[in-house]
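**Student:** Please read through the structure below; I'll follow up with questions.
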Amino acid sequence: KAGVTQTPRYLIKTRGQQVTLSCSPISGHRSVSWYQQTPGQGLQFLFEYFSETQRNKGNFPGRFSGRQFSNSRSEMNVSTLELGDSALYLCASRQPGQGDTGELFFGEGSRLTVL
Amino acid sequence: TQLLEQSPQFLSIQEGENLTVYCNSSSVFSSLQWYRQEPGEGPVLLVTVVTGGEVKKLKRLTFQFGDARKDSSLHITAAQPGDTGLYLCAGTFNTGKLIFGQGTTLQVKP
């Protein structure tokens, strides 16, 4: 069974640009969560999608948005990039029926550098 | 705001030593998970604890959930270089969000 796949793995952008990151969950997983990981802040929850609906949202500005497609694949978008958006963006999927105690399966992340 | 505090943030020890990592919150967890992350990879689940006072063992790792479900600890016996990594606790609160601690970076030197 293929794991969670994130693309691209690495990307460099400049301030003011926008970026779209993609996540393909494990087959059969309908819940997809996004996290931002930085050395100073650790893993910060961005949002969670389930069956194409946003189920939970973290405390990030509106520049951060996401969506989920009918095949459970998810994308997140960051507009008007700032230097502080440089981070590792992790996507995680969860098995259906596991509730909030279910294991999160993480991808390897997309490392974004904003210059 | 629900926060998880992990301590220590960094730990560098010799092979064979024991260590304990702590995870605390002022709020009650519905459940708590421990993950380990190695460089260039995403976190991988080690254990989930749900019941106050619960103790789980995974080889040389012992996980404990506090009676009041506000704290947890991870104890490693006879650490080995392969235990090196970032250890993260993650708690689920009544909001349904999974909140991560800042992590403990463990280095085990041979």
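**Student:** Please specify each residue of region B:38-60 satisfying the condition of being at the interface with chain A (Cβ under 8 Å from one of its Cβ atoms), at pLDDT 90 or above and out of contact with any helix residue (DSSP H, G or I) (no Cβ under 8 Å at 6 or more places or on another chain).
**Tutor:** Selection gives B:E41, B:G42, B:P43, B:V44, B:L45.
Let's see how each residue does on (1) within 14 Å of chain B (Cβ to nearest Cβ); (2) under 15 Å from the mean Cα position of the chain (by Cα); (3) of a type in the set (S, T, Y); (4) in a loop (DSSP other than H, G, I, E, B):
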site	(1), (2), (3), (4)
A:R15	no, no, no, yes
A:T20	no, yes, yes, no
A:G28	no, no, no, yes
A:Q36	yes, yes, no, no
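**Student:** In addition: Among the candidates A:G102, A:G97, A:G40, single out the residue that is more than 13 Å from chain B (Cβ to nearest Cβ), at pLDDT below 90 and either surrounded by fewer than 22 Cβ atoms within 10 Å (Cβ to Cβ) or in contact with a Pro (Cβ under 9 Å, 6 or more places away or on another chain) (or both).
**Tutor:** Within the list A:G102, A:G97, A:G40, the selection yields A:G97.
Listed here are the residues, each with its yes/no results for (1) part of a loop (DSSP other than H, G, I, E, B); (2) within 22 Å of B:A90 (Cβ to Cβ); (3) of a type outside the set (K, R).
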| residue | (1), (2), (3) |
| --- | --- |
| A:V32 | no, yes, yes |
| A:L43 | no, yes, yes |
| A:R55 | no, yes, no |
| A:T80 | yes, no, yes |
| A:L90 | no, yes, yes |
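**Student:** Can you name the residue in region A:43-55 that is over 20 Å from A:E108 (Cβ atoms) and more than 12 Å from every other protein chain (Cβ to nearest Cβ) and is also surrounded by the fewest Cβ atoms within 10 Å (Cβ to Cβ) among such residues?
**Tutor:** A:T53
**Student:** Here is a list of conditions, (1) away from every other protein chain (no Cβ under 14 Å); (2) in contact with a Gly (Cβ under 9 Å, 6 or more places away or on another chain); (3) surrounded by fewer than 21 Cβ atoms within 10 Å (Cβ to Cβ); (4) among the aliphatic types (A, V, I, L, M), and A:M76 meets all of them except one; can you say which number that is?
**Tutor:** It is condition (3) that A:M76 fails.
**Student:** Follow-up. Output the residue which, of all residues in region B:20-37 that are in a loop (DSSP other than H, G, I, E, B) and within 15 Å of the chain's Cα centre (by Cα), is modelled with the highest pLDDT.
**Tutor:** The extreme case among them is B:S25.
**Student:** For region B:76-101, which positions are within 9 Å of chain A (Cβ to nearest Cβ) and either buried (at least 20 other Cβ atoms within 10 Å of the Cβ) or free of Cβ contacts under 8 Å to residues at least 40 places away in the same chain (or both)?
**Tutor:** B:L88, B:A90, B:T92, B:G96, B:L98, B:I99, B:F100, B:G101
**Student:** Looking only at region B:50-69, count every residue that is within 17 Å of B:L3 (Cα to Cα) and buried (at least 18 other Cβ atoms within 10 Å of the Cβ) and tell me the total.
**Tutor:** Qualifying residue count, region B:50-69: 3.
**Student:** Moving on to the next point. For region B:1-19, what are the residues that are surrounded by fewer than 15 Cβ atoms within 10 Å (Cβ to Cβ) and either modelled with pLDDT of 95 or more or touching a Ser or Thr at 6+ places or on another chain (Cβ under 8 Å) (or both)?
**Tutor:** Within region B:1-19, B:L3, B:E5, B:S7, B:P8, B:Q9, B:F10, B:S12, B:Q14, B:E15, B:G16, B:E17, B:N18 meet the criteria.
The values are calculated or read from the model by the stated rules, or taken from the named source; none is laboratory data. Fair warning: this is a prediction, and the values are worked out from it, not measured in the lab. Glycine gets a Cβ as well: all are built from the backbone with ideal geometry, and neighbour counts include every protein chain shown.
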